[in-house]
Structure formats: C-alpha cells, structure tokens
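Asks: Before we start, here is the structure in question, set down as structure tokens.
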Amino acid sequence: MYSMTGYGRAAVEREGRQLTLELKSVNHRFLDIAPRIPRSLGFLEDEMRRRIGTRVARGHVDVFATYRNLREDARTVQVDRGLFLAYRRALAQLAGEQGQEGEALADDRSLMKLAKLPDVLVVTEAEEDQEALAALMDQGLDQALDMLCQMRRREGEALKADMLGQLEGLRGLVEAIRARYPQTVAQYQVRLKERMEELLSTPVEEARLLQEVALMADRSAISEELVRLDSHIAQMREAMDSGQPVGRKLDFIVQELNREVNTISSKSQDIPITQAVVAAKAQIEKLREQVQNVE
C-alpha cells in the first residue's frame, strides 16, 4: 500500500549535459502533475506526464527541473557588424568634434572597448539535441521516480500497520456490541414487566409481555448492521493487501462503517452499547484521517 506523500531526486550528467530533477507529491483526490521545467525541456512535458502516470496513480506531484549545457558548442557568439561600424563612425565623429579631448577619446577606441558596447556581441544558445535530452530525461526521471515510490511505499506500509491496529480495535468493539445486545432485550423484558405490574397492580399476562418485548426487539435489532460491519472490516483488510491503489475504495468503506455505527446508535438506548458506539466512531474517524493519505 502506498502513501500519497513522498519525495524523489536525481542528478544525472551525460556528454556535458547536466539535469537535476526533484519530485514532490502530496495528497490530492486525483493525479495532478505540475511541471516547472526550463523551456529547453518543454517538448518533453507530455512524455514526462505519461511516465509519472505509469508509476503514480493519485496525488499532486510537483516536478522541478534544472538543466545546464556545459558543452563547448552550447553557445555561439556573433558580431553585429553593422552596429559595430556605426559605433565606430559615431565615436570617430565625436572625437573630431572635441578637439584635443576628442583626440584622447580616439586613442581609447580599442577593439575590446567597441566590443563591449551594447549588442555588438550577441550570445545565442545552440540548438539542443532533442534525442540526447530525451535520453537524459528518461534516466533522471527513472531515478527520481524510484526514490519517490520507495518513500511512498515506506509511508504506505506505516499507514497500513496503523490502520490494521485501528481495524482490530473496531472489530473488538463490534464483538462487544454483539455480545451485549441479547442482554439488553432480557433487561428490557424485566423492566417492562415491573413497570406494567406497577401500573396495573396485577400480574402481567406472559403473552402480552412477550408481544411487547418482541416489538421492542424488532425495532432495535442490530444484527444486520453488525454483519455489515464485519463485512466492511474484512473488505478493508482485503483491499489493503491487494497491492493496488485503494485510497478511494477505502474512503468509501469508511463512510459505510460510519453509516452502520450511526444506525446502531439510533436504534439502541443501552448505555454500554452507546459507549461502545462512541468508541467505535473515534476509531472510524482515525481510519478516515489515515485513508486521506492513501494512494
């Protein structure tokens, strides 16, 4: 079983190209991938989303990528010859107009000074080798996803262990309610008989008493709810052992657990059963909180 939270990182280098990838995932109802990548890698975004989707079923995944091309052919420098000549003519004209001060200015007109003027030298990025970038991305993404999924699995196993403990506690409460219910019927029969004899001042007919007790038992019967609780607990255990993304299914089962417990609460007026129901609701709430983290 996997958690939806995790972190993965990879730093790869090949033939002078360096790529660093970071993946961070948190809870989300669906799979939501948010890439933050350089423009030079933009053509790989769709493939990146597809690859992540094959390893991650649910959660919000932030993707951070930094890329550096350290190859000698990564950049080219071009001279804007027309602009260079225009600068030189303008400076020559300015030198001629300034007399002696202009002559000093003319002496300073070296090639490097002209080259430093705005936009004379233009640095451009060379066109990237898309196949090389795709191979680099594949390598980095595999490593980052391995790390992310390992962390999500470790956290998922911790969640599973905790949830199994909560389920065991809930199962114990269900058994306590099941054992207590027949006693509530017997106690109701005794109390009802005493009350009727007190009001009528005569012994109560057994047939009439049994009829009233039967009506009460029918209205407060919780055997079906207890059976469904057993089934839901078994389904949760089975789902957690399936090895598949089960977060949504577990969320639905937890809702059903809560529904059955609420029904028992509304039917029973017995204090011990009510106390067990309150404890069961607390267990289910803990399960609900944990399920929100499951993929």
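The values are calculated or read from the model by the stated rules, or taken from the named source; none is laboratory data. Everything quoted here is computed from the prediction, not taken from an experiment. Cβ coordinates were reconstructed from backbone atoms using ideal geometry, including for glycine residues, and neighbour counts include every protein chain displayed. Please note that ligands, DNA and RNA were not included when accessible areas were found on the heavy atoms of the full protein model with its side chains. Shrake-Rupley method; radii C 1.70, N 1.55, O 1.52, S 1.80 Å.
Asks: Starting from the Cα of Lys24, draw a straight line to each of the lysines and keep only those under 22 Å, dropping any in the same chain fewer than 8 residues away.
Replies: Within the straight-line limit of under 22 Å, Lys24 reaches these lysines: Lys160.
Asks: Quick one: check the C-alpha center-to-center distance for segment 253-295 versus segment 1-78, whole angstrom.
Replies: 42 Å
Asks: Please compute the length gained on full extension between Thr124 and Tyr7, using 0.36 nm multiplied by the number of residues separating them and subtracting their Cα-Cα distance.
Replies: Details: separation 117, 0.36 × 117 = 42.12 nm, distance 3.53 nm.
Taking 0.36 nm per residue and subtracting the Cα distance, the gain is 38.6 nm.
Asks: Cut-off under 25 Å on the C-alpha distance; same-chain residues fewer than 8 positions from Lys267 excluded. Which lysines are left, in chain and number order?
Replies: Once the sequence-local lysines are set aside, what remains near Lys267 is Lys193, Lys281, Lys286.
Asks: Give the long-range amide H neighbours of Ile33: residues separated by 5 or more places, or on another chain, with amide H under 5 Å away, using H modelled in the peptide plane at 1.01 Å from N.
Replies: Those lying under 5 Å, H to H, from Ile33 are Val61.
Asks: Mind giving me the nanometre distance, one decimal, between the label points for Glu238 and Phe30, set 7 Å out from Cα along Cα→Cβ?
Replies: Here the modelled spin labels are 2.9 nm apart.
Asks: Let me ask you something else. Carbon and sulfur: what percent of segment 1-86's accessible surface (1.4 Å probe)? Write out the running numbers ahead of the final one.
Replies: On the way: 2320 of 4950 Å².
With neighbouring chains kept in place, the figure for segment 1-86 is 47 percent.
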